[in-house]
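A short worksheet on the structure shown next.
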Amino acid sequence: MMNPLRRAASQALRLADQVLVSRLKQNAQRAFEEEHHQAAVRLWLRAYEVGDVESAFRIADCYEKGFGVQRNWADAINWHRRAAEQGHVEAQFRLGRALLDGAKAPLPEYWRRTTRDADTAARVSEALYGAGGRHAASPDEALDWLRKAAEAGLAQAHALLGVINVLGKITPQDYARGLWHFERGAEGGDASAQFGLADILYRGLAGEADRARGADWYEKAADQGHSSAQVAMATIYRDGAGRDADPERAAHYMGLAAEGGEPYAQFEYAMMLQRGEGVVSDRSRAETFLRKSAKRDHFPAVLALADFYSHGGAVEPDWREAARWRLRAAELGDVNAMFIYGRHAANGLGMPVNLNEAARWFLKAAEQGHATAAFNVAVFYQHGQGVEQDLSQALRWCEYAAEQGLREAKVKLAELHLAGAGGERNAPRAVELLKEASDAGDGYAKTQLALIYLEGRDVFKDSRKAERLLLDALDAGYVAASLQLGHLYSGYYDPARVNPQDAFSHYLVAAQAGNPIAQHLVGNQLLGRKEPAAAREGAHWLRNAAEAGLAAAQFQLGVVYCQGEAVEKDLAEAVRWYEQAAGQGHALALYNLGVMILKGLGVEADPEKGMDLIKRAEAQGALGAPKAPAAKSSGGSGPDAAVQSGQAPARAESNPTLTAVKPVG
């Protein structure tokens, strides 16, 4: 039996220890709050050495979060275990949670960079940390510690045990047991437990669904900041299931979750802001939340943001941003985004034109079954754009796109077969494909098939059948068929079908649709009527065709400015149009340009250059052009004298016929 003196001494020591522990803990807490974390850890360590369990837990917490020590889950487990074994409930919970997955100590940076393989790293870790350097996952031990914490009434432990029972990965799935734990955790105020309880009740996972009661618990969790519960409440108020529909409350809860950083909520809230659902429409805030969600790679947000910048709406489209987010969607695996980004690269939308990049993304989309991308790949291989020209690959991808039902691909495939892309010309297959596309209503296919019947190369020539196809194409909205109808009625394909009035009418339709060949032909015919009003209109159509780059129209317009009948005479303007036509290889325009320069008509005279151009024009076969004039005029000066002396530029026929020039493509 301890004598009174020794008992008193022992009590005095315990009291001193308690005073010391209290002072150490106060100092540690003060240091921690002042962010002197290393000092706080040292003070807690001294308090633990004196026997304080709470200090062991605080040290473990510092290892978990990296405060004052290197973040190290293995050491955190060691310290949690010390506290848990002495009955610290929160430490029991943390230890159980950590042991579900296990942990190992991180290697110092120097050792991490110098170890060559996992085995070496393990040996280094063992040498540095001994047995405490790693902790294998131990589900059974984890459950024991979690149950101890739950039995002590810790709501968090009940919440986690509820999740474990519902998921059924560590224990057999048991919704009833999960419900039991969630109820106790929810009553203890834990938001995760409240959400779990709400989910089981609302969805009826452990019996009959109780949406009203489920909504009540969702709302309790949501009001504590649980983001998933906030999304659930937003959905409930939006759909009116479990509560009366209330768009404003739906927007309120979705906004809370969005502000909390939940990517799905950020996307949904952005849509609400865009549409003004339960909240004042705000395009700027919608963009902000879309970007936040998209930066987290929430796929619908990435797509929506690309659409947002493409469509513009109240502001101009931002093609650069649209291209950026299309690329991200493509990188995340969206096939349609691959195709659309290929179009961005091909057309220079929001980025420089890059045919190699376009071909790469079209090919990626085609390999995943995108028919239009496959068609584009075929075109790229056909023309050697972005890839090395390969007609066999063009044929392969075009066949794939055609098999998917793409009418444009059938027409292109017909073109490739007619060109012998498969090694030999296959006209029967081409006609078959054009018929299929034509029967499906494709105006271009009808027109191409009509041309085959008009030319009679691969089928019996049949202008009547061709006429029906062209009229069908026109009725289907393919205005380009008007040009070929004009050619048909002008007698180009069949002299017996000449009908000048119908020819002009169809050329005029094609001209009004912007076809430069038709504009040129209409302009020529109107000029030939010798009526001032018709001539002015004819000059107008010639200018349209010339500005579209048609060399024949540029030459003709030059003649018109030289003549000064349909427009006011302007020799400088004539020179400008002759130069443009000559630059495209028009021999008569080159000849006329030479004469203009030789004589100084509309341009400073340069006899040497003028004669050089004339000779080049004659070498190019400027048939019908007058012989090259002498370097000096035999009489008079200016354009009138040049005309009288025979040294004028070559003139267009005063009564031009409708020359049928077939378009390219």
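The values are calculated or read from the model by the stated rules, or taken from the named source; none is laboratory data. What you see is a predicted model, and the numbers here were worked out from it, not measured in a lab. Glycine also receives a Cβ, built like all others from the backbone with ideal geometry; neighbour counts cover every protein chain displayed.
Here Ile200 meets the list (1) surrounded by fewer than 22 Cβ atoms within 10 Å (Cβ to Cβ); (2) within 20 Å of Ser228 (Cα to Cα) almost entirely, failing just condition (1). All but one of (1) at pLDDT 90 or above; (2) in a helix (DSSP H, G or I) hold for Trp111; state the number of the condition that does not hold. Of the numbered conditions (1) at pLDDT 90 or above; (2) in a helix (DSSP H, G or I), the odd one out for Trp111 is (1).
As an exercise: evaluate Ala650 against (1) surrounded by 12 or more Cβ atoms within 10 Å (Cβ to Cβ); (2) aliphatic (A, V, I, L, M); (3) modelled with pLDDT of 90 or more and give the number of the one condition it does not meet. The number of the failed condition is (3). When the range 293-302 is filtered for residues that are in a helix (DSSP H, G or I) and surrounded by fewer than 22 Cβ atoms within 10 Å (Cβ to Cβ), the ones remaining, listed by number, are Lys295, Phe299, Pro300.
Restricted to the range 351-378, and to residues there that are in contact with a helix residue (DSSP H, G or I) (Cβ under 7 Å, 6 or more places away or on another chain) and of a type in the set (S, T, N, Q), the residue that is farthest from Trp397 (Cα to Cα) is Asn354. Selection of the range 548-587 for residues being assigned to a helix (DSSP H, G or I) and exposed (fewer than 15 other Cβ atoms within 10 Å of the Cβ) yields Ala572, Gly583.
Meeting the requirement of 1 or more residues that are closer than 18 Å to Glu183 by Cα and under 37 Å from the mean Cα position of the chain (by Cα), the helices (runs of 4 or more DSSP H) wholly within the range 201-277 are 211-223, 227-239. Restricted to the range 493-506, and to residues there that are closer than 15 Å to Leu471 by Cβ and part of a helix (DSSP H, G or I), the residue that is modelled with the lowest pLDDT is Arg497. Residues of the range 146-180 that are of a type in the set (Gly, Ala, Ser), part of a helix (DSSP H, G or I) and surrounded by fewer than 16 Cβ atoms within 10 Å (Cβ to Cβ): Ala176 alone. For the range 588-609, the criterion of being modelled with pLDDT of 50 or more and closer than 30 Å to Ala480 by Cα is satisfied by at least one residue.
The selection criterion, being among the hydroxyl-bearing types (Ser, Thr, Tyr), without any contact (Cβ under 8 Å) to a residue 40 or more places away in the chain and closer than 16 Å to Val411 by Cα, holds for Tyr444. Within the range 425-439, being surrounded by 22 or more Cβ atoms within 10 Å (Cβ to Cβ) and either in contact with a Cys (Cβ under 6 Å, 6 or more places away or on another chain) or aliphatic (A, V, I, L, M) (or both) holds for Ala430, Leu433, Leu434, Ala437. Just so you know, in the range 165-208 the residues that are out of contact with any Pro (no Cβ under 9 Å at 6 or more places or on another chain) and β-branched (Val, Ile, Thr) include one that is farthest from Glu141 (Cα to Cα), and it is Ile200. Are any of the residues in the range 440-452 under 30 Å from Ala371 (Cα atoms), buried (at least 21 other Cβ atoms within 10 Å of the Cβ), β-branched (Val, Ile, Thr) and in contact with a helix residue (DSSP H, G or I) (Cβ under 7 Å, 6 or more places away or on another chain)? Yes, the range 440-452 contains a residue that is under 30 Å from Ala371 (Cα atoms), buried (at least 21 other Cβ atoms within 10 Å of the Cβ), β-branched (Val, Ile, Thr) and in contact with a helix residue (DSSP H, G or I) (Cβ under 7 Å, 6 or more places away or on another chain). For Ala539, the stated conditions do not hold, so it cannot be described as closer than 25 Å to Gln512 by Cα, surrounded by fewer than 24 Cβ atoms within 10 Å (Cβ to Cβ), of a type in the set (Gly, Ala, Ser) and in contact (Cβ under 8 Å) with a residue 40 or more places away in the chain.
Applying the criterion of being surrounded by fewer than 22 Cβ atoms within 10 Å (Cβ to Cβ) and touching a helix residue (DSSP H, G or I) at 6+ places or on another chain (Cβ under 6 Å) to the residues of the range 91-103, the residue that is farthest from Leu45 (Cα to Cα) is Leu100.
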